[in-house]
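Trainee: To start, I am sharing the structure in question, which I have written as structure tokens.
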Amino acid sequence: MVRVLIIGNSDLPERNLVNDLIDSSDKIIACDGAVERCLDASINVDYVVGDMDSLENTTLAELSKMGIEVQKLDDQNNNDLQKAINFSSEIGADRINIIGVEGGSNQHQFASYWCLFETEVECYIHLSDSIVSMVKNGRVKLSIEKEKEFSIFAIGDCDGVNVSGGKWQLNNEKLTPNSRGLHNLANDETITISCNNGMLLVFRSR
């Protein structure tokens, strides 16, 4: 399994979590200017991906001398996170973890969630208080501590939604975009969520 860690150019979660994700990763990708945050934090990066419009103190030549492979992509139809996710797929990623997407523009953070639906690779966004993932026409089992909150939100109409392992179960329900799935409670250390037709965004509290 190839595990990739993508680091965005916004605030990082607490350092212990960052270190755990680094230790469990085979490759680390920085999104554009995030590479300078990584250098300042002594995080070793394998690739930097983006249009390179956010670099302030480091040149591409300097990055290359450090052994960081530069993937300059000028595609304006995708943000730097989507470019990094696409590149992760190209290098054979089986799982993608993402940090560094919170604390900046709300528009950028919202766009980050949509990026989860643009890949078939198992993908997780790690926020300071939760982990965000998606379910698309399928079934997932997710680890969680007992009594921790989790929420599911329909992205469009979703048919055949099932939730087990929570205080409030769903059985072959239809969900529409609303707040119905907010703040369920885990009764077990695993929750199972499925959707026959549609897409769900899942938040698990840490």
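The values are calculated or read from the model by the stated rules, or taken from the named source; none is laboratory data. It should be emphasised that the depicted structure is a prediction, and the values quoted were computed from it without experimental measurement. All Cβ positions, glycine included, derive from the backbone under ideal geometry; neighbour counts span all protein chains shown.
Trainee: Filter segment 118-141 down to residues that are among the hydroxyl-bearing types (Ser, Thr, Tyr) and at pLDDT 95 or above and give me whichever is farthest from Pro13 (Cα to Cα). If you could, list the steps in order and put the result at the bottom.
Mentor: Looking only at segment 118-141, we keep the residues that are among the hydroxyl-bearing types (Ser, Thr, Tyr), and these are 119, 124, 128, 130, 133.
Pick out the ones that are also at pLDDT 95 or above and you get 124, 130, 133.
On the way: Tyr124: 14, Ser130: 10, Ser133: 17 Å.
Taking the candidates together, the pick is Ser133.
Trainee: Follow-up question, since we're still on this one. Just checking, which of Ser54, Ser42, Ser25 is under 21 Å from Val132 (Cβ atoms) and in a loop (DSSP other than H, G, I, E, B)?
Mentor: Ser25
Trainee: Identify, from the list Ser179, Ser133, the residue that is farther than 22 Å from Asn79 by Cβ and of a type in the set (Ser, Thr, Tyr). Walk me through it before giving the result.
Mentor: Values: Ser133 fails: farther than 22 Å from Asn79 by Cβ.
Within the list Ser179, Ser133, the selection yields Ser179.
Trainee: Okay, next question. Return the residues of segment 97-114 that are within 24 Å of Gly198 (Cα to Cα) and within 8 Å of the chain's Cα centre (by Cα); say none if nothing qualifies. If you could, list the steps in order and put the result at the bottom.
Mentor: Initial filter on segment 97-114 (within 24 Å of Gly198 (Cα to Cα)): 97-98, 107-114.
Once the filter is applied, which keeps residues that are within 24 Å of Gly198 (Cα to Cα) and within 8 Å of the chain's Cα centre (by Cα), segment 97-114 yields Asn97, Ile98, Ser112, Tyr113.
Trainee: When only residues in segment 32-77 that are among the polar types (S, T, N, Q), closer than 24 Å to Glu14 by Cα and surrounded by fewer than 12 Cβ atoms within 10 Å (Cβ to Cβ) count, which is farthest from the chain's Cα centre (by Cα)?
Mentor: Of the residues in segment 32-77, the ones among the polar types (S, T, N, Q) are 42, 44, 54, 57-59, 64, 71, 76-77.
Among the residues that remain, those that are also closer than 24 Å to Glu14 by Cα are: 42, 44, 54.
From what is left, the residues that are surrounded by fewer than 12 Cβ atoms within 10 Å (Cβ to Cβ) are 42, 44.
Working: Ser42: 22, Asn44: 20 Å.
Among those that are among the polar types (S, T, N, Q), closer than 24 Å to Glu14 by Cα and surrounded by fewer than 12 Cβ atoms within 10 Å (Cβ to Cβ), it is Ser42.
Trainee: Something else about it: Among residues belonging to segment 78-101 that are assigned to a loop (DSSP other than H, G, I, E, B) and of a type in the set (A, V, I, L, M), point out the one that is nearest to Leu12 (Cα to Cα).
Mentor: Restricting attention to segment 78-101, the residues satisfying the condition of being assigned to a loop (DSSP other than H, G, I, E, B) are 78-79, 91-94, 100-101.
Now drop any that are not of a type in the set (A, V, I, L, M), which leaves 91, 93, 101.
Working: Ile91: 24, Ala93: 22, Val101: 8 Å.
Checking each candidate, the answer is Val101.
Trainee: Under 7 Å between Cβ atoms, which residue pairs at least 6 apart in sequence (or on different chains) link something in segment 44-64 that is assigned by TED's automatic domain parsing to the domain that holds Asp80 with a partner that is modelled with pLDDT of 85 or more and small (Gly, Ala, Ser)?
Mentor: From residues that are assigned by TED's automatic domain parsing to the domain that holds Asp80, the pairs are Val45/Ala30; Val48/Ala30; Val49/Ala84; Ser54/Gly33; Leu55/Gly33; Glu56/Gly33.
Trainee: Exactly one condition in (1) surrounded by 14 or more Cβ atoms within 10 Å (Cβ to Cβ); (2) in contact with a strand residue (DSSP E or B) (Cβ under 6 Å, 6 or more places away or on another chain); (3) modelled with pLDDT of 95 or more is false for Cys115; which is it?
Mentor: Of (1) surrounded by 14 or more Cβ atoms within 10 Å (Cβ to Cβ); (2) in contact with a strand residue (DSSP E or B) (Cβ under 6 Å, 6 or more places away or on another chain); (3) modelled with pLDDT of 95 or more, only one is false for Cys115: (2).
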